[in-house]
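Taking it in order: structure first as structure tokens, then the write-up.
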Amino acid sequence: MLSSDTSKLGECEFALISEMNSQLIVHHPYRSLTEIQTAVSLSQEETILAWSIINDHYLTDLPLLHPPHVIALSAAILAVVLKPTQGAVQFSTSSLQSAMQTLSSGPVSGGGTNQLKLQKLVTWLAESNVDIEAVVDCTQELISLYDLSENFNEKACKEQLQKFVKARGLDK
């Protein structure tokens, strides 16, 4: 259980800064996202969605594995693919899979604006020096996060944990 005592949080921050010899420089994907937004002409809704995807990536180990610009690119790709609708986002794996199939099938001919924007983003990515494998890995990790959260069943998880505790004799 997390404490709401802000003084404890401050103590932890100072301990971390002290341990790092006061050299705390953190690079976030938000700045890269604003540059990508300009280069690829993301709409305001897509940018907001990409921003929230970046917020969600902190639930994973992606900040430790990939540089911020890779995470920002993955968020932008997912934002274009997920197509925000009326303030709600639908993170269905079927829509993600169909969009990725469209993406891998080559250039889009006469597609919708989202397909054209996705193609523009992919072309921009191909012309850049960004590690495409890292973008793919990051995107797959984010898709897995949303798939997991979509299929999460708290009751079944608690039951499995109780069975484990009883089996190990840790319930004493």
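Within segment 116-145, take every residue that is modelled with pLDDT of 85 or more and aliphatic (A, V, I, L, M) and give me the one that is surrounded by the most Cβ atoms within 10 Å (Cβ to Cβ).
Once the filter is applied, the top-ranked residue is Leu142.
Scan segment 137-172 residue by residue and report those that are more than 21 Å from the chain's Cα centre (by Cα), small (Gly, Ala, Ser) and in a helix (DSSP H, G or I).
Ala156, Ala167
Count, please, the residues in segment 146-160 that happen to be among the charged types (D, E, K, R) and exposed (fewer than 10 other Cβ atoms within 10 Å of the Cβ). Break it down stepwise before answering.
Of segment 146-160, the ones among the charged types (D, E, K, R) are 147, 150, 154-155, 158-159.
This time we only want the ones that are exposed (fewer than 10 other Cβ atoms within 10 Å of the Cβ), so: 154-155.
Counting residues in segment 146-160 that are among the charged types (D, E, K, R) and exposed (fewer than 10 other Cβ atoms within 10 Å of the Cβ) gives 2.
Out of segment 1-32, which residues are among the hydrophobic types (A, V, I, L, M, F, W, C), in a loop (DSSP other than H, G, I, E, B) and at pLDDT 75 or above?
Passing the criteria: only Met20.
Please verify whether Leu148 is at pLDDT 85 or above and hydrophobic (A, V, I, L, M, F, W, C), treating the condition exactly as stated.
Numbers: at pLDDT 85 or above: yes; hydrophobic (A, V, I, L, M, F, W, C): yes.
In short, yes.
Hey, could you check segment 20-64 for residues that are small (Gly, Ala, Ser) and closer than 18 Å to Lys120 by Cα and say which is surrounded by the most Cβ atoms within 10 Å (Cβ to Cβ)?
Within segment 20-64, the match that is surrounded by the most Cβ atoms within 10 Å (Cβ to Cβ) is Ala50.
So which pairs qualify, if the first residue must be in segment 116-135 and within 16 Å of Glu35 (Cα to Cα) and in contact (Cβ under 8 Å) with a residue 40 or more places away in the chain, the second must be among the acidic types (Asp, Glu) and surrounded by 17 or more Cβ atoms within 10 Å (Cβ to Cβ), the Cβ gap must be under 6 Å, and the two must be at least 6 apart or on different chains?
From residues that are within 16 Å of Glu35 (Cα to Cα) and in contact (Cβ under 8 Å) with a residue 40 or more places away in the chain, there are no pairs.
Of everything in segment 36-72 that's more than 18 Å from Leu118 (Cβ to Cβ) and acidic (Asp, Glu), which residue is farthest from the chain's Cα centre (by Cα)?
Applying the filter and picking the extreme gives Asp61.
The values are calculated or read from the model by the stated rules, or taken from the named source; none is laboratory data. Worth saying up front: this structure is predicted, and the values here are computed from it rather than measured. Here Cβ is always computed from backbone atoms with ideal geometry, including for glycine, and neighbour counts include all displayed protein chains.
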